[in-house]
Each structure stands twice: as structure tokens, then as C-alpha cells.
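This report refers to the structure that appears directly beneath it.
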Amino acid sequence: MIDFKKANLDDLIAIQNISKLSFIETFAAINTPENIEKYLQESFSKDQLTIEISNPNSPFYLVYIDNKPIGYLKINLGDAQTEYFEEPTLEIQRIYVLQAFHGKKIGQLLLDEAIKIAKQLAVDFIWLGVWEENHRALHFYAKNGFVTFDKHVFVLGDDKQTDLLMKLEIK
């Protein structure tokens, strides 16, 4: 059974565990252990996640299967977004799903929730950054109608990487 809920500070440990494990599963094989560890410590510490979860412009949505948290969506609105646009937009900062649950349409469920929220807020488009080497994610977003429109630098430890910025127009 799949359940879905908006997260709060009580969910911090679940979010932290999913964040770390998902990030390691996705990126550890193609990055140095030092860069992965530095990123995990900086981005997924209890202090950092408390700040993010407490920000009303950065809601998290957890997905559970049989009462076990297995993934989440994090969106950014307004000044919480990592890039500035003149138009009203919504950023998907993270769709993280544990590898054991890939292929079960959990990522699609989370993306559909972001699209639903974007329509309710009447934003012009949803946007996100995807590492140019994350071919699985690039394919997923392209399949869902996202198009590349720019790029920016993403720093992982001491490695400057290129994220492709992709967007989906909301009508």
C-alpha cells in the first residue's frame, strides 16, 4: 500500500536517511568518496535539514510503502528557489527514491504531485537541475515533457559539475 503525506520536523530522520542512501546509491560510483562524504555532511546534516523542512517555501512530501518511508519530493517556491526567474515558477529540488523501489512509478507519483501543486499555484513553469551525467533522470524528465533551457554549476565537494536546467511549461 502506498501512502503520501506532507512532511514536517517529525520526519527529519526519515528524510535524512532517504537523502543519504539515495544520494549514495545514485552518485557514489561516479564520484570520489571524499566528495560524496563532504556533500552528505553539508547537505543532509540534521541542522541543514531542519532549516529546509522549517521553511514554508520548501515543502517536502514523503512516500511510504507499507508504512516504510521510501522516497520524497522537495519543492521550492518564491525566494527558496536556487535560481531567480521573473515569472512565477516552482523548482523541484529533489525527487529521491530508494533504489529498491525504482521502476515502481514512485518518481512519477512525486512528479505528478509537483505538477498538481504548480497548477494550483498557477506558475508559468516547473524547473529543476539535473547533473548532465545522470542519464536516468534526464530521460525521466524528458519523457515527462521537460526541455533543457540552460545550465548551472553544481559543486560536489571539490568537483564543479554541470547541471542541465530543464523546465515544463504549465498551462
TODO: Sort out which residues of region 31-48 are out of contact with any strand residue (DSSP E or B) (no Cβ under 9 Å at 6 or more places or on another chain) and hydrophobic (A, V, I, L, M, F, W, C), and write them in order of number.
DONE: 40, 44
Open item on the list: Can you say whether residue 153 is over 20 Å from residue 88 (Cβ atoms) and buried (at least 18 other Cβ atoms within 10 Å of the Cβ), as far as the supplied structure shows?
Closed with: no
Task: Residue list for region 60-95, filter: in contact with a helix residue (DSSP H, G or I) (Cβ under 8 Å, 6 or more places away or on another chain) and either of a type in the set (A, V, I, L, M, F, W, C) or in a loop (DSSP other than H, G, I, E, B) (or both) - done: 60, 62, 63, 65, 70, 73, 75, 77, 88, 90, 92, 95
Task: Leading residue by the ranking (farthest from residue 53 (Cα to Cα)) among those in region 77-110 that are aliphatic (A, V, I, L, M) and surrounded by fewer than 20 Cβ atoms within 10 Å (Cβ to Cβ) - done: 100
Task: Subset of region 133-143 (residues that are without any contact (Cβ under 8 Å) to a residue 60 or more places away in the chain and surrounded by 14 or more Cβ atoms within 10 Å (Cβ to Cβ)) - done: 137, 138, 140, 141
Task: Single unsatisfied condition, residue 164 versus (1) surrounded by 13 or more Cβ atoms within 10 Å (Cβ to Cβ); (2) in a helix (DSSP H, G or I) - done: (2)
- [ ] List every residue pair whose Cβ atoms lie under 9 Å apart, where the two residues are 6 or more positions apart in sequence or sit on different chains, the first residue falls within region 146-171 and is modelled with pLDDT of 95 or more, and the second residue, located anywhere, is small (Gly, Ala, Ser) and surrounded by fewer than 13 Cβ atoms within 10 Å (Cβ to Cβ).
- [x] 168/145; 169/145; 170/122
Open item on the list: Of everything in region 1-51, what is among the acidic types (Asp, Glu), in a helix (DSSP H, G or I) and open to solvent by 20 Å² or more (accessible area, probe 1.4 Å)? Give them in sequence order.
Closed with: 10, 25, 34, 37, 42, 47
Task: Flag for residue 55 being under 18 Å from residue 91 (Cβ atoms), open to solvent by 40 Å² or more (accessible area, probe 1.4 Å) and out of contact with any Gly (no Cβ under 6 Å at 6 or more places or on another chain) - done: yes
TODO: Being in a helix (DSSP H, G or I), open to solvent by 10 Å² or more (accessible area, probe 1.4 Å) and free of Cβ contacts under 8 Å to residues at least 60 places away in the same chain is the filter here, so list the residues in region 111-131 that pass it.
DONE: 112, 115, 116, 117, 119, 120, 121
TODO: Just one of (1) surrounded by 13 or more Cβ atoms within 10 Å (Cβ to Cβ); (2) under 18 Å from residue 82 (Cα atoms); (3) of a type in the set (A, V, I, L, M, F, W, C) trips up residue 170, so point out which.
DONE: (2)
Task: Checking residue 74 against (1) touching a Ser or Thr at 6+ places or on another chain (Cβ under 7 Å); (2) more than 22 Å from residue 41 (Cβ to Cβ); (3) among the basic types (Lys, Arg); (4) buried (at least 17 other Cβ atoms within 10 Å of the Cβ), the condition it does not meet - done: (2)
Task: Residue list for region 3-30, filter: acidic (Asp, Glu) and either without any contact (Cβ under 8 Å) to a residue 24 or more places away in the chain or in contact with a strand residue (DSSP E or B) (Cβ under 9 Å, 6 or more places away or on another chain) (or both) - done: 3, 10, 11
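The values are calculated or read from the model by the stated rules, or taken from the named source; none is laboratory data. The structure presented is a predicted model; accordingly, all values stated were derived computationally and were not measured. Quick reminder, even Gly has a Cβ in these numbers, built from the backbone with ideal geometry, and neighbours come from all protein chains shown. Ligands, DNA and RNA are stripped out before the accessible areas are found, and what is left, the full protein with its side chains, is counted by its heavy atoms. Shrake-Rupley method; radii C 1.70, N 1.55, O 1.52, S 1.80 Å.
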